[in-house]
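Undergrad: Can you read through this structure? Questions will come right after.
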Amino acid sequence: MWIDRLKTKWNIDSNFEFVIIMLVFSIAGMLIIYERQPVFHWLGITPKTPFWIKFFAWLVVVFPAYQINLIVFGSLLGQFQFFWNKEKALGRFLLRAIRGK
């Protein structure tokens, strides 16, 4: 079952931990929609703004804010270590991608 594969991959034991982790991903994802709107409005981004500007703004604003949301809600729900390890892995991946190795 896919849940068991994820639990093994993520090195978690209980279904409760799995549910909490999925809840954190859901809350962070839903909240970023509400966080993005005022920031994009403040930056003057409208539906008519060219895609490349929206994409750049998303990279600079939304992507980091989502990562922060994961850490904050993961901490509040007792899964800080899980999400901190994911953030460190993402940081290593991005550094390797930027360096081209």
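Undergrad: I'd like the trypsin sites (Lys or Arg not before Pro) in the range 29-81 restricted to DSSP loop residues with at most 13 other Cβ atoms within 10 Å, sorted by number.
TA: LYS48
Undergrad: Count the lysine pairs in the range 1-91 that are 8 or more places apart or on different chains: how many have C-alpha atoms under 23 angstrom apart?
TA: 4
Undergrad: When the Kirkwood hydrodynamic radius is evaluated over all pairs of different C-alpha atoms of the chain, what value in angstrom, to one decimal, is obtained?
TA: Numbers: mean 1/r = 0.0650 Å⁻¹.
Hydrodynamic radius (Kirkwood, Cα pairs) of the chain is 15.4 Å.
Undergrad: Choose one answer from VAL61, VAL72, VAL19: the residue with the largest mean-square fluctuation in a GNM of the chain with alpha-carbon springs under 10 Å.
TA: In the Gaussian network model the winner is VAL19.
Undergrad: Angle between the Cα long axis of helix 80-99 and the longest principal axis of the chain, 0 to 90 degrees, nearest 10?
TA: 50
Undergrad: Return the distance in nm (one decimal) between the two label points of a simple spin-label model at PHE63 and GLU35, each offset 7 Å from Cα along Cα→Cβ.
TA: So the two model labels end up 1.5 nm from each other.
Undergrad: Gap in Å between the Cα centre of the range 31-68 and the Cα centre of the range 78-99?
TA: 22
Every number in this text was worked out from the coordinates using simple rules, so none of it is lab data. In this text the structure is predicted, and so the values were computed from the model without any measurement. Cβ: placed from backbone, ideal geometry, glycine included. Neighbour counts: every protein chain shown.
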